[in-house]
Amino acid sequence: MFVQVLAVGPYRTNCYILHDGMHAWIVDPGYDGRRLASVVGQRGLTPVAVLLTHTHWDHVMGLPDLMTRYPQLPILVHPLDAHLLGPEGGRLSLQYMRYLDPAHADSCSALLQRLPPATGFLNDGDIVEGCNLRVIHTPGHTAGSICFHLSSDSVLFSGDTLFAGAIGRTDLPGSQPEKMMHSIADKLLCLEASTKVLPGHGQSTTIGSCQAPN
């Protein structure tokens, strides 16, 4: 598998395009759906599905324009995060934005009003068909946060759960600090130390680098 990363939008969200030379899986289409569609098209790839680590606005605002180009593309998410998709989810996200980040709310309003709903669900332990990503449910940042582990390539797509030198925020609506710590300790740090961590923002790291020193 090949992985291309695009840092998109005002939050520089890492959108990952995972492909095998023919088919593509898009992880977290952050902001610029037209750009993502263009990259996929230029590479001659057939998109198979959108995979969401969670549904905070900075990870999903590329969906409306991406779906304009690929209207039948499945959108897969953990069921506990699906409420922030679709028209009602877009309205709720816009409310959050106006409280948490009013500077960007107006510029993102049109995209949030066009958010499509989820078309399918991913649960802990599921294997994404075609690309063999294993779903790891990691509640904490949101109730339905998930990571994707590709054991054959020793790669983890960690969303906003684990970053280089940091962990995800737990001071947002729906966040659960205690569950975040359990998710990281019990489900992620037990992976091979050499596992490459591809986070939702910022630079990559490894599981070994995230381990607490003895």
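Here's the yes/no breakdown for (1) of a type in the set (Val, Ile, Thr); (2) free of Cβ contacts under 8 Å to residues at least 24 places away in the same chain; (3) more than 26 Å from His23 (Cβ to Cβ); (4) surrounded by 15 or more Cβ atoms within 10 Å (Cβ to Cβ):
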{"position": "Ala118", "(1), (2), (3), (4)": "no, no, no, yes"}
{"position": "Ile127", "(1), (2), (3), (4)": "yes, yes, no, no"}
{"position": "Ile146", "(1), (2), (3), (4)": "yes, no, no, yes"}
{"position": "Gly159", "(1), (2), (3), (4)": "no, no, no, yes"}
{"position": "Asp186", "(1), (2), (3), (4)": "no, yes, yes, no"}
{"position": "Leu191", "(1), (2), (3), (4)": "no, no, no, yes"}
* Asked: Which residues, taken from the stretch 183-206, are closer than 21 Å to Leu52 by Cα and assigned to a helix (DSSP H, G or I)?
  -> Ser183, Ile184, Lys187, Leu188
* Asked: When only residues in the stretch 129-144 that are out of contact with any helix residue (DSSP H, G or I) (no Cβ under 6 Å at 6 or more places or on another chain) and of a type outside the set (A, V, I, L, M) count, which is surrounded by the fewest Cβ atoms within 10 Å (Cβ to Cβ)?
  -> Glu129
* Output the residues belonging to the stretch 39-67 that are polar (S, T, N, Q) and at pLDDT 95 or above. => Thr46, Thr53, Thr55
* Asked: Among the listed residues Thr206, Thr138, Thr142, which satisfies the condition of being touching a residue at least 60 places away in the same chain (Cβ under 8 Å) and among the hydroxyl-bearing types (Ser, Thr, Tyr)?
  -> Thr142
* Could you tell me whether the stretch 9-16 includes any residue that is touching a Gly at 6+ places or on another chain (Cβ under 8 Å) and aromatic (Phe, Trp, Tyr)? => yes
* Asked: So, in the stretch 21-61, of the ones that are polar (S, T, N, Q) and buried (at least 24 other Cβ atoms within 10 Å of the Cβ), which residue ends up farthest from Tyr96 (Cα to Cα)?
  -> Thr53
* Complete set of residues in the stretch 161-183 that are surrounded by fewer than 19 Cβ atoms within 10 Å (Cβ to Cβ), in contact (Cβ under 8 Å) with a residue 40 or more places away in the chain and more than 27 Å from Phe2 (Cα to Cα) -> Leu172, Pro173, Lys179, Met181, His182
* Filter the strands (runs of 3 or more DSSP E) completely within the stretch 1-63 down to those with at least 3 residues that are of a type outside the set (Lys, Arg) and closer than 16 Å to Leu73 by Cα. => 13-19, 23-27, 46-51
* Those residues that are among the β-branched types (Val, Ile, Thr) and either more than 15 Å from the chain's Cα centre (by Cα) or not in a loop (DSSP other than H, G, I, E, B) (or both), I need them from the stretch 90-138; list them, please. => Thr119, Ile127, Val128, Val135, Ile136
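The values are calculated or read from the model by the stated rules, or taken from the named source; none is laboratory data. The structure displayed is predicted, hence computed values, not measured ones. Cβ coordinates were reconstructed from backbone atoms using ideal geometry, including for glycine residues, and neighbour counts include every protein chain displayed.
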